[in-house]
Amino acid sequence: MASIERRGKNSFRLLVELGYDGNGRRIRKKRTIKVEDESLLKKKKKLNDFLQGELYKFKAEVEAGEYISPEKMYFADFIEEWKEKKGKKKLGIKTLTERLNLLKNHIIPYFQDKKIDQINPMQIVTFYDDLSREGARKDGKPGGLSPNTIYEIDKTLRNVFSTAKEWRVIKDNPMKEIERPPIQKKEMSFLDQDQASQLIIWLYENLSPTWRMIFLTALIGGLRRGEVVPLELTDIIWERNALSINKSVISVNGKATLKETKTGRSDELTMPQWYMDELREYVDNWEKERELIDDQWKGGNNQYLFHNGVGERFHPQSITQKWWKIRKEHGFNIRLHDLRHTMVTLLIEEGVNMRIIQERARHSSSRVTNDIYGHVSQKAAQSAAEKFDRFSPDNLSISANGPQLVPNSQK
C-alpha cells in the first residue's frame with residue numbers, strides 16, 4: 001500500500017507500507033518532498049500527477065531494496081552505498097581508487113560515528129583545519145597534509161554529499177556553505193624551440209629506435225604516457241598522416257589497467273610528414289623483428305607499436321623510469337609529462353588557434369586549455385603587442401617641425 005500526505009503548504013510525505021515484521025509492527029518507509037514550483041501547486045491535476053509519479057518511483061526504490069533510510073544512515077554506511085551505486089559507475093578506476101584511499105585513511109575515521117544528516121559545515125571546516133596540523137599524515141612524515149591533498153579530500157566530500165542530497169538522504173548539502181580550500185598549482189616546465197631541437201638531436205644520436213619513437217611521439221603528439229604505451233599498428237592512419245588515440249593505460253596501485261582515454265572518446269591526431277616517414281621505417285623493422293621472434297611472441301593478437309621485445313606492452317612507469325634516467329645522465333631538466341606541455345606551449349607561441357590546440361591536446365574543452373596554459377597565452381599576447389614597438393615615436397625619425405593635427409572645428 002502506498003499513499004501521499006500533505007504536511008504543509010508545499011510539503012508532502014510519501015508513505016509505503018510493506019506489511020508487518022515478526023513482532024506484528026507495521027513496516028513503513030517514508031519520504032518527505034517539497035514542491036518549490038508555485039505554478040504547479042496551483043494546478044491540482046498536474047500537482048497530483050507529479051506526486052503520483054514521485055510516489056511510484058519511491059515505491060519502486062523500496063521494493064527493489066534501494067531505499068536508504070536517512071535517520072538510520074551513518075556516514076560510513078552511506079559511503080558503502082555511494083561506492084557501489086555511484087563511485088563504481090561514474091568514476092574512472094584510478095579516480096575511484098584515489099578517493100577510496102582518502103576516505104579510508106582520513107575521512108571515514110573522522111566521520112564514521114556520525115549520522116550523515118547530522119554533519120554540519122562547522123564540523124567539516126574543523127576537519128580541514130585538523131588535516132593541516134602535525135600528525136595528520138599517515139606515512140609518518142612530519143607536518144600536516146599538503147594543500148593539494150586537502151583539496152582532493154574536499155572534492156571527495158562534495159561528491160559524497162551532493163549524492164546524498166540527490167538521493168534525498170539529507171535535506172541540505174553542508175558543502176554548499178564551505179569555501180573550497182586553496183590548491184598549489186605545480187610549476188609548469190617546458191622546452192623552447194632551441195631546446196626541443198637539441199632534445200630531438202640527442203634522441204637520434206643516443207637512443208634505440210623504439211625509445212626514440214616513444215619520446216618523439218610524446219613530444220610531437222603531446223601524448224600522455226598512458227596513451228603512448230597501448231598504441232597498436234592498427235592505430236596508424238597512413239592515408240591521413242595520423243594516429244588514432246582511443247585507449248589509455250593507467251597505473252592503479254602499481255598495476256597497469258587498460259581503459260578508455262581521459263575524454264572517453266577516440267581522437268585522430270595528425271602528425272608531421274617527417275614523423276610519419278620515421279614511423280614507416282620503424283614499422284617495417286617492427287614487422288621484420290616480429291617474424292624473427294615467431295614462437296617467442298607473447299603479445300597474442302595485440303600488435304603494440306612499442307613493446308618489450310616479445311610483444312608485451314610497456315608499463316607506463318617503465319616510460320617514466322627511462323626518462324628519469326635520461327634526465328639524470330644528460331641534464332634535460334623537465335619531467336616526462338612536460339614534453340606534452342612543450343607541444344602545447346610551442347603551438348601557442350606560434351599563434352595557432354586555441355581551438356585547434358585544444359583538439360590536439362585532447363582536452364575536454366578550450367576552457368581547460370586556457371586554465372592550464374593561460375599564462376603562456378598572456379605571454380604570447382604580450383609578445384604580439386611588442387611587435388608594434390618598432391612604431392614607437394622613440395624609434396622613428398620624426399621632425400620637430402612636422403605638420404600638426406588640427407581639430408576640424410578650427411579649420
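Near His330: Cβ cut-off under 13 Å, other residues only, Lys/Arg at +1 and Asp/Glu at -1. The net charge is +2. Annotation for Leu18 and Gln123: the two label points, set 7 Å from Cα along the Cα-Cβ direction, are 2.5 nm apart. Over all distinct Cα-Cα pairs of segment 142-239, the Kirkwood formula returns a hydrodynamic radius of 18.4 Å. Cross-link pairs exceeding 23 Å between alpha carbons, from the set Lys259/Lys298; Lys85/Lys114; Lys185/Lys255; Lys88/Lys259: Lys185/Lys255. Annotation note: trypsin sites (Lys or Arg not before Pro) in segment 118-152 located in DSSP loop regions with a Cβ neighbour count of at most 15 within 10 Å are Arg133, Lys138.
Within a straight-line Cα-Cα reach of under 15 Å, Lys171 can be paired with the following aspartates and glutamates, leaving aside sequence neighbours fewer than 8 residues apart in one chain: Glu36, Glu71, Asp117. For segment 71-177, the fraction of alpha-carbon pairs lying more than 23 Å apart is 24 percent, rounded to a whole number.
The distance linking segment 274-298 with segment 123-198 is 45 Å (Cα centroid to Cα centroid, whole angstrom).
Shape verdict for segment 205-330, please, from the Cα gyration tensor: rounded (a/c under 1.5), prolate (a/b greater than b/c) or oblate. Since a/c stays below 1.5, the shape of segment 205-330 is classed as rounded.
Spatial offset of segment 221-251 relative to segment 1-50 amounts to 54 Å, using the alpha carbon center of each.
Filter the cross-link list Lys34/Lys155; Lys30/Lys94; Lys9/Lys46 down to pairs whose alpha-carbon distance in this structure exceeds 25 Å. In this structure, Lys34/Lys155; Lys30/Lys94 exceed 25 Å between Cα atoms. Taking Cα centre as origin and charging only the Cβ of basic (Lys, Arg, +1) and acidic (Asp, Glu, -1) residues, the dipole magnitude of segment 2-67 rounds to 380 debye.
Bear in mind that the values in this text are calculations on the coordinates, not laboratory data. Bear in mind the structure is a predicted one, so any value in this text is a computation, not a measurement. Cβ: placed from backbone, ideal geometry, glycine included. Neighbour counts: every protein chain shown.
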